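Have a look at the structure below, then the notes.
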Amino acid sequence: MPVPPAAWLPHATRSAIIVPVPDAEQTVAWHRRGLAPPGVPLVPAHVTVLYPFVHPQRIDADTITGIETALSGVEAFDCVFSQVKWFGEEVLWLEPKPDQHFRSLTHAVCKRFPALLPYDGEHPDTVPHLTVADSRTGNAESKRRVATDITAALPIHARIDTVRLVAGYDEHGPWHPIAEFSLG
């Protein structure tokens, strides 16, 4: 997918590289919508490779080529989301197994863009995860109910064959695809 002109998303303030997980969307989307405040746009089910990424107004053909170079030679892979986990009591997430493929994607992109650190370096050992709910969505009781419901629907088997560059207006969205990259 070609990169759009910078004017395509004139007010975008953030970008990210993500792995969409459409196989998980049906299981988690309904719960995510129920936990989110009304009118809050949702990012599709995904595992983050690198956030924040380049400011959207600085994304150009060289940026796209850099991502393509970083991902070259990375093969598509399968994973299973079979366990619900928590970061503290706020963030409910699904754990991919194996997670090494996601870690390799992050490593490859960070190697190509060394000035960028996952989550601005706040979490040095970034854990690959698919967020279901976080501190902005739902209360503790509703998150526990969702965790129970989703656990009953697991495992989710997923084929990971796409990486996507997205941009949005803030960390909450809405997020729009800028480019998509197929894994080998």
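Annotation for region 115-178 versus region 38-83: alpha-carbon center distance of 12 Å. Under a 5 Å amide H cut-off, with hydrogens placed 1.01 Å from N, Leu130 pairs with Leu94 among residues at least 5 apart or on other chains. Short-range pairs are left out: with C-alpha atoms under 8 Å and at least six residues apart, the relative contact order of the chain is 37 percent.
Pop the C-beta distance of Thr65 and Glu122 into the FRET formula with R0 = 25 Å and round what comes out to the nearest 0.05. It comes to 0.30.
A simple charge model with +1 on the Cβ of Lys and Arg, -1 on the Cβ of Asp and Glu and nothing else charged puts the dipole of the chain at about 180 debye relative to its Cα centre. Packing-based ranking of 113-124, 152-163 yields 152-163, 113-124, ordered from highest to lowest mean Cβ neighbour count within 10 Å. Taking the C-alpha atoms only, the angle from helix 22-35 to the longest principal axis of the chain is near 60 degrees.
Loop-located GluC sites (Glu not before Pro) in region 14-95 (DSSP state other than H, G, I, E, B) with a sparse environment of at most 14 neighbouring Cβ atoms within 10 Å: Glu75, Glu89, Glu90.
Values in this text are rule-based calculations from the coordinates and carry no lab data. Keep in mind it's a predicted model, so treat the numbers as computed, not measured. Every residue, glycine as well, gets a Cβ built from its backbone with ideal geometry; the counts of neighbours run over all protein chains shown.
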